[in-house]
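The values are calculated or read from the model by the stated rules, or taken from the named source; none is laboratory data. Bear in mind the structure is a predicted one, so any value in this text is a computation, not a measurement. Cβ coordinates were reconstructed from backbone atoms using ideal geometry, including for glycine residues, and neighbour counts include every protein chain displayed.
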Amino acid sequence: MSSLILEKVSYQYQQQKVISELDLTVAHNEIVCLLGASGCGKTTTLKAIAGLIKPQHGRIVIHGQCMNNGQLFVQPQHRNIGMMFQDYALFPHLNVTQNIAFGLSRLNKRERHTRVAQMIELVRLEGLEKRFPHELSGGQQQRVAIARALAYKPNLLLLDEPFSNIDTQVRFQLINDIRSIIKDQQVSAIFVSHSKDEAFAFADKLAIMHKGKIAQLDSAQALFQKPSSKAVAEFLGRGIYLDANRLNGQSVSTKFGKVGSVIALPDSEDKGQIYVRPQHLELINSPTGKVEILQQRFIGTDYVYHIKVDDQQLEVPAPAEQLLDTTKPVSLKIKAHAVNFFS
């Protein structure tokens, strides 16, 4: 059974479509990240799943039960979902134990005590049971929030930018910890973020959103290597477009030389563009070079060159031992890699 199914879900605020005929399926015990630029519809989609807004069209099914269609609308408190917010939303006047126990009123006292103890052990907060939120670090507050969200065994967990307030030096350890906790509890989760790094580390699959729809859903590796559109390719990493001709099924030619192999859309024509990211570019001195060096800076083991090619700008790293002579013409060398080709 799928934990979540969205079918043709649309939501319009005043005259503006925020999400449009959005489809998404989340498997049991799967973590899916809704990833995209500001305004693409990520948070609105999360609110629709939670029941905080009512979509004008479409169907939402959670754990086999329909929550929303043309006639039916199940209120948020009856959807058996757990939610974790960006600011954690802990009650400041309740201690750790009381915060975790807040949603367990349907259990008797003994069951409530047992469940809270299990959650405190799961998130490794032993010894902090009587502390209040202001006495905890950001990471500890986050653990309380995830324990509270999981305490009543939800069918689905919703997380809205949960790591944005955590210091960088501890963020990814915490991401790994929270991911392990969710997987241990075998709960499916929808995670909203604008950070590619967080999404890559936390989610099983990424749903790239663009203009209120899911442009592509797949693993991080598949999305990065085989984007289905220019919008997906550009969101996952800076690069430049180079005019290219497909020579055969394996390579393309550009003004900077041949490169392959080619990953092309099924309906691609022979003339188009390739999208090349900095790690696949090498800067070389060449008498015929037409790359403009706008800035050069040293960052320790590497130099970073801010370049301009055909009115496009990009920063390209290069090892310190391969120092360019910026007083001479500079060209690009495209390293061998699987090239994304777009008509």
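Things worth noting here:
Residue-by-condition table, conditions (1) out of contact with any strand residue (DSSP E or B) (no Cβ under 7 Å at 6 or more places or on another chain); (2) under 12 Å from Gly82 (Cβ atoms); (3) outside the structural domain of Thr43 (by TED's automatic domain parsing):
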position	(1), (2), (3)
Gln140	yes, no, no
Lys153	yes, yes, no
Phe163	yes, no, no
Asn176	yes, no, no
Lys183	yes, no, no
Ala189	no, yes, no
Phe202	no, no, no
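- The set of residues in segment 20-62 being more than 20 Å from Ala189 (Cα to Cα), more than 17 Å from the chain's Cα centre (by Cα) and not basic (Lys, Arg) consists of Ser20, Glu21, Pro55, Gln56, His57, Gly58.
- Restricting Ala145, Ala149 to residues that are out of contact with any helix residue (DSSP H, G or I) (no Cβ under 9 Å at 6 or more places or on another chain) and farther than 24 Å from Ser38 by Cα narrows the list to Ala149.
- Among the residues making up segment 323-338, those that are part of a loop (DSSP other than H, G, I, E, B) and of a type in the set (A, V, I, L, M) are Leu323, Leu324, Ala336, Ala338.
- Segment 108-133 residues that are farther than 13 Å from Ala147 by Cα, paired with ones that are at pLDDT 90 or above and surrounded by fewer than 14 Cβ atoms within 10 Å (Cβ to Cβ) (beta carbon under 8 Å, 6 or more apart): Phe132/Pro92; Phe132/His93; Pro133/Phe91; Pro133/Pro92
- Residue satisfying condition, being more than 24 Å from Ala48 (Cα to Cα) and of a type outside the set (A, V, I, L, M, F, W, C), within set Asp177, Asp218, Asp204: Asp177
- In summary, strands (runs of 3 or more DSSP E) completely within segment 31-102 and bearing 1 or more residues that are touching a strand residue (DSSP E or B) at 6+ places or on another chain (Cβ under 7 Å) and without any contact (Cβ under 8 Å) to a residue 12 or more places away in the chain occur at 65-68.
- Selected residue (only one of Glu111, Glu121 is under 31 Å from the mean Cα position of the chain (by Cα), part of a helix (DSSP H, G or I) and of a type in the set (D, E, K, R)): Glu121
- Among residues of segment 77-117 being surrounded by 14 or more Cβ atoms within 10 Å (Cβ to Cβ) and polar (S, T, N, Q), the one that is farthest from Asp167 (Cα to Cα) is Asn80.
- Filter result (modelled with pLDDT of 90 or more and either under 29 Å from the mean Cα position of the chain (by Cα) or of a type in the set (Val, Ile, Thr) (or both)) within segment 237-271: Arg238, Gly239, Ile240, Tyr241, Leu242, Thr254
- Condition broken by Gly289, with the remaining ones in (1) surrounded by 16 or more Cβ atoms within 10 Å (Cβ to Cβ); (2) of a type in the set (Gly, Ala, Ser); (3) outside any loop (DSSP other than H, G, I, E, B) satisfied: (3)
- Gly239 touching a residue at least 60 places away in the same chain (Cβ under 8 Å), surrounded by 18 or more Cβ atoms within 10 Å (Cβ to Cβ) and touching a Lys or Arg at 6+ places or on another chain (Cβ under 9 Å): yes
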